[in-house]
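Structure first, commentary second.
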Amino acid sequence: MTKRNEKHPMQHETQLKTLLTQDPVRMKILRMARELNLPDCWIGAGFVRSLVWDHLHQRQPSALPADIDVIWFDPARASAQTDSALESTLSSLCSEVNWSVKNQARMHLRNADAPYRSAADAMTCWPETATAVAVRLDRQDEIEVSAPLGLDDLFSLVVRPTERFRIEKHAMFLDRIRAKAWRETWPDLMFVTER
């Protein structure tokens, strides 16, 4: 039997796409985000992470995350007002979802990072490697995956800080994993907390 973390990266991507296509609610959300026609637009974080962790724990899918994180990248439209208007548009399509739309071309300011070059570049500065994964639907209804730090940690149930959170933002990483209390839901998670 193959261990989880010994799978080839393409197998992880194929498995993630299969899990998503088997989830009609997530597929509906991906279609709604696609209709915004935004450049470099993805849905990431808990939307992907929770689905995979539920599967690996052989449990029914959790409720959707509190926020559906829609990220995109366009320096020409990097305003909170634009993101707010996009959230309103999505809420008019599906009001039972709490949409969080963030143009990553402006988020470096909030995060005290150097300017990001793309949505994938921004994800490399998110707190955990397992969370730095996003997905989208293309016009042919094919799922695309953006995982700039890979899928191994996500599929190995490893919660590891990204480089910024391993060093200068380490206290924030530790506070975050305490506050999230993920192990209560997913007891097999392995936390890498040393610097």
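Readers should treat all values here as calculations from the given coordinates under stated rules, not as data from a laboratory. Treat the numbers as computed from the prediction; the structure is a model and nothing was measured. Every residue, glycine as well, gets a Cβ built from its backbone with ideal geometry; the counts of neighbours run over all protein chains shown.
Residue farthest toward the positive end of the dipole of region 8-180, with Cβ of Lys/Arg at +1 and Asp/Glu at -1: which of Thr21, Leu174, Gly44?
It is Leu174, whose Cα lies furthest towards the positive end.
Quick one: of the DSSP bridges fully inside region 28-167, what percent are antiparallel, nearest 5? Walk me through the numbers on the way to the answer.
Numbers: 10 of 15 bridges.
Antiparallel bridges: around 65 percent, rounded to the nearest 5.
Given the peptides 119-129, 65-75, arrange them by the average over their residues of other C-beta atoms within 10 Å, most packed first. Could the numbers behind the result be given before it?
Values: 119-129: 22.6, 65-75: 19.2.
Listed from highest to lowest mean packing, they are 119-129, 65-75.
Using the beta-carbon distance between Ser62 and Met172 and R0 = 25 Å, what value does 1/(1 + (r/R0)^6) give for FRET efficiency, to the nearest 0.05?
Numbers: r = 24 Å, r/R0 = 0.97.
Efficiency for this residue pair is about 0.55.
Which one of Ala130, Met10, Leu30 has its Cα pushed farthest toward the positive end of the charge dipole of region 8-180, where Lys and Arg give +1 and Asp and Glu give -1 at the Cβ?
The one lying farthest along the dipole's positive direction is Ala130.
In deg cm²/dmol, rounded to 500, what helix-only [θ] at 222 nm does the chain give when every DSSP H run of at least 4 residues adds -39500 (n - 2.57) and the total is split over its residues? Spell out each step's value before the answer.
Values: 10 runs with 86 residues, N = 195.
So the helix-based figure for the chain works out to -12000 deg cm²/dmol.
Between Asn111 and Thr18, what FRET efficiency follows from the Cβ-Cβ distance if R0 is 41 Å, with the result rounded to 0.05? Could you put the intermediate results ahead of the total?
Details: r = 33 Å, r/R0 = 0.80.
Between Asn111 and Thr18 the formula returns 0.80.
If you plug each phi of region 173-178 into the Karplus form 6.51 cos²θ - 1.76 cosθ + 1.60 with θ = phi - 60°, what whole-Hz ³J(HN,Hα) values come out, in order, with x for Gly and Pro?
Going residue by residue, I get 4, 5, 4, 5, 5, 5 Hz, with x marking Gly and Pro.
Arrange the peptides 36-47, 80-91, 142-153 so that the one whose residues have, on average, the most other Cβ atoms within 10 Å appears first. Before the final figure, lay out the partial values.
Details: 36-47: 19.5, 80-91: 14.9, 142-153: 17.7.
Order by mean packing, descending: 36-47, 142-153, 80-91.
Rounded to the nearest 20 Debye, what is the dipole magnitude of region 8-180 about its Cα centre when Lys and Arg each give +1 and Asp and Glu each give -1 at the C-beta?
Using only the charged Cβ atoms, the result is roughly 300 debye.
Using a basic spin-label model with each label point 7 Å from the Cα along Cα→Cβ, how many nm lie between Thr185 and Gln140?
Here the answer is 3.4 nm between the modelled labels.
Give the label of the value calculated from the structure for Cα Rg over 2.2 N^0.38 Å, choosing from (i) 0.94; (ii) 1.00; (iii) 2.17.
Looking at Cα Rg over 2.2 N^0.38 Å for this model, the match is (ii).
Could you please report the charge total around Pro75, scoring K, R as +1 and D, E as -1 over all other residues with beta-carbon less than 14 angstrom from its beta-carbon?
0
Given the Cα-Cα distance of Thr124 and Ala85 and 0.36 nm per residue of separation, how much length would full extension add, in nm?
On the way: separation 39, 0.36 × 39 = 14.04 nm, distance 2.63 nm.
Full extension from Thr124 to Ala85 adds 11.4 nm.
Using a Cα distance threshold of under 28 Å, what count of lysine pairs results for the chain when pairs must be 8 or more residues apart or interchain?
Lysine pairs, 8 or more places apart or on different chains, close enough: 12.
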